[in-house]
Structure formats: structure tokens, C-alpha cells
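Reading through the C-alpha cells given below for one structure.
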Amino acid sequence: MAAMVASLYAVGTVALTPIAYGLVQVRLTDALIALSFIPEMGWGVILGVTLGNLVADAFSPYGFPDLILGTVANFLASCICMKFGRAKVRHGLLLGTLSASVVIALIVGAGLLYGVYRVASPGVCFLAVLVGELISVVLVGSMLVKALLRTKAIERLVG
């Protein structure tokens, strides 16, 4: 599972470089983070999006700081999604993906784009990254999770 997710993440991010890096970024591969919400996929997805990000950010225009901060952001975001999936709380998928998006926006937006590179004000950096993450993780990621759960495709992927 981890190798498959890592490959999809790395190749997809690099292939979508024009929208995957920058102040306003819609990293569609971050939708894979939401898959850690599904208990059977949790750690495999966490390892996959973490390693996939490490590989993808080796090509980042923001260099080594993005490699470190982006990888940490993906690890923490996917761990949060997994915790919500295992807690079985009401609206867990929404809360998990929203929380993951905020973590990434804080680390990549405020931490990297403002803290290291001063691309814009901290608020602008945070909000710009948050918008992309809401599209990728909350919207696309949640739809992906719901589709996999509804079609019982999880059994084929992890079984």
C-alpha cells in the first residue's frame, strides 16, 4: 500500500508541477492524505504520502526547506486524518480533512512560504495554501474516500 501511494503521490505531484508549487497551490495528490481516514489503509497511506512528498519535493523550487517542512506537514496531516477515522466521531471525515488542511496551510503556508521565503504576509500565505488544500484534501479527498467506502473497493486494495 505504502509503495503504491508513494508512487502515485510523487509522480502525480511532479507531473502537475505548475499547480503543485507556489503561493497558490492545488496539490491534487494531497487528496490521497484523506485515504488515511479509512482504518484499513491508515499507516500504509501515511507512509506513502510522507515518502511520496519527500520524493516530489526533491523537485520543488523551494529546495531543502520544502523537502523537510512539506514532508513533516504530510505526515502530521495524514496522522490526524487517521485519528479521526479511528475515533468514529460524527462528521469525522470532514473534521479530519479540514484539520489536515489547516496543518498543511500552517506548515507550508505560514512556515515555509512566509517564514523562510517571505513570499507574502503570513495570513496571505496561510490562506492561499489553505484554499488549495480545501480543494485537494477536503473536496477531492473526501469524495475519493466516500467512493472507496461505497463501492467496497477497500477490500480489493487491502485484502
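The per residue volume of the convex hull around the alpha-carbon atoms of the chain is 88 Å³. Projecting the Cα atoms of GLN25, PHE37, LEU130 onto the dipole axis of the chain, where Lys and Arg carry +1 and Asp and Glu carry -1 at the beta carbon, places PHE37 farthest toward the positive end.
Of GLY52, GLY22, GLY123, the residue with the greatest mean-square motion in the GNM of the chain, using alpha carbon springs below 10 Å, is GLY123.
ARG150 to SER7: extension gain in nm, 0.36 nm per residue of separation minus the Cα-Cα distance?
Separation in residues times 0.36 nm, less the Cα-Cα distance, equals 49.0 nm.
If I take R0 = 22 Å and measure r between the Cβ atoms of HIS91 and VAL24 in this structure, what FRET efficiency does the formula 1/(1 + (r/R0)^6) give, to the nearest 0.05?
Efficiency for this residue pair is about 0.20.
If you run the Gaussian network model on the chain, springs between alpha carbon atoms under 10 Å, then out of ARG27, ARG118, ARG90 the most flexible one is ARG90. Multiplying the residue separation of ALA58 and LEU16 by 0.36 nm and removing their Cα-Cα distance gives an extension gain of 13.7 nm. With contributions of -39500 (n - 2.57) from each DSSP H run of at least four residues, the per-residue ellipticity at 222 nm computed over the chain stands at -19000 deg cm²/dmol.
We did not get these values from a lab; they are worked out from the coordinates using the rules stated. These numbers come from a predicted model, not from an experiment. Quick reminder, even Gly has a Cβ in these numbers, built from the backbone with ideal geometry, and neighbours come from all protein chains shown.
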